Amino acid sequence: MAEKIHKCVSCTTYTMNEKCPNCGEATILPRPPKFSLIDKYAALKREAQKRELIEKGLY
Ligand SMILES: [Zn+2]
C-alpha cells in the first residue's frame, strides 16, 4: 500500500500529488509519528486519515 500521502497546508486536503487538486498549493509530506510508545495512536491516526480520504474519494 502506498503511503506517500501529501497534505495541503492551505486547505488540508490529502492527495497523492505534490500539488493540491483543490487550490493548486504545494503539498507537504507529513512525517509519520515514530513507532514506539505512540504506536497505537499512530494506527488510530492512520485509520482516521484513511476514512477522510475515502470520504473525499481520494483513497
Ligand atoms: Zn489545497
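The values are calculated or read from the model by the stated rules, or taken from the named source; none is laboratory data. Just so it is clear, the structure is predicted and the values come from calculations on it, not from any experiment. Ideal geometry is used to build each Cβ from the backbone, glycine not excepted, and the neighbour counts take in all protein chains shown.
Of note:
- Annotation note: Cβ proximity below 9 Å between a residue of the stretch 39-59 that is hydroxyl-bearing (Ser, Thr, Tyr) and surrounded by 10 or more Cβ atoms within 10 Å (Cβ to Cβ) and a residue that is outside any helix (DSSP H, G or I) and at pLDDT 90 or above (sequence gap 6+ or interchain) occurs for Tyr59/Tyr14.
- Pairing residues of the stretch 10-22 that are near the ligand (Cβ under 9 Å from one of its atoms) and in a strand (DSSP E or B) with residues that are modelled with pLDDT under 95 and among the β-branched types (Val, Ile, Thr), at Cβ distances under 8 Å and at least 6 apart in sequence or on separate chains, gives Thr15/Ile5; Thr15/Thr27; Lys19/Thr27.
- Of all residues in the stretch 20-38 being under 13 Å from Lys4 (Cα atoms) and either among the hydrophobic types (A, V, I, L, M, F, W, C) or surrounded by fewer than 14 Cβ atoms within 10 Å (Cβ to Cβ) (or both), the one that is modelled with the lowest pLDDT: Pro32
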